[in-house]
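Laboratory data are not the source of any read-out in this text; all were calculated from the coordinates shown. Because the structure is predicted, anything quoted here is derived from the model rather than measured. Note that each Cβ is placed from the backbone with ideal geometry, even for glycine, and that neighbours are counted across all protein chains shown.
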Amino acid sequence: MKNYKILIVVADYYKDIAKGLLNSANEKLSKKFLVKVTTVPGAFEIPIAIAKNIKKYDGFIALGCVIKGQTPHFDFISQAATNAIMNLGVEYKKPIGNGIITCLNMKQAIARKKKGAEAASAVISILSQ
């Protein structure tokens, strides 16, 4: 496998959750990958950061957390980020692991901090095909 360049885009609105997601993604990536990490304020900004860097990297890992509040904001942000990530991946034929967790509360988010590894595995799988 060649030395692929991977960009991890982390929304750090929930800093502790973001750190857990990033740590689990990094644990999954071997030394065979050239990894750069960049942060954005929230999940909504992740696709923009990926789009700005789409030609510079072989694959991307999107990490963040959206927790449901008392308004429909959660639904709009979750859906918009997911759709934009999928559209970028399909349009540019580059793998983007979606590690943006959507939770009803902080307890669920804490329990899912290892989801970064799953997003990294998805990117590795596609790159190795």
In segment 79-102, residue surrounded by the most Cβ atoms within 10 Å (Cβ to Cβ) [restricted to those that are closer than 17 Å to I67 by Cβ and not small (G, A, S)]: I101
Number of the exception - N23 against (1) touching a Lys or Arg at 6+ places or on another chain (Cβ under 9 Å); (2) under 20 Å from I85 (Cα atoms); (3) among the polar types (S, T, N, Q): (2)
Failed condition for Q70, given (1) touching a residue at least 24 places away in the same chain (Cβ under 8 Å); (2) more than 21 Å from K2 (Cβ to Cβ); (3) not hydrophobic (A, V, I, L, M, F, W, C): (1)
Pairs where the first residue, in segment 26-47, is in contact (Cβ under 8 Å) with a residue 60 or more places away in the chain and surrounded by 12 or more Cβ atoms within 10 Å (Cβ to Cβ) and the second is part of a helix (DSSP H, G or I) and not β-branched (V, I, T), C-beta under 6 Å, 6+ apart: K28/A117; K28/A120; K28/S121; L29/A120
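Is it true that I126 is touching a residue at least 24 places away in the same chain (Cβ under 8 Å), over 13 Å from L29 (Cβ atoms) and either crowded, with 20+ Cβ neighbours inside 10 Å or under 13 Å from the mean Cα position of the chain (by Cα) (or both)?
Working: touching a residue at least 24 places away in the same chain (Cβ under 8 Å): yes; over 13 Å from L29 (Cβ atoms): yes; either crowded, with 20+ Cβ neighbours inside 10 Å or under 13 Å from the mean Cα position of the chain (by Cα) (or both): no.
No: the conditions fail for I126.
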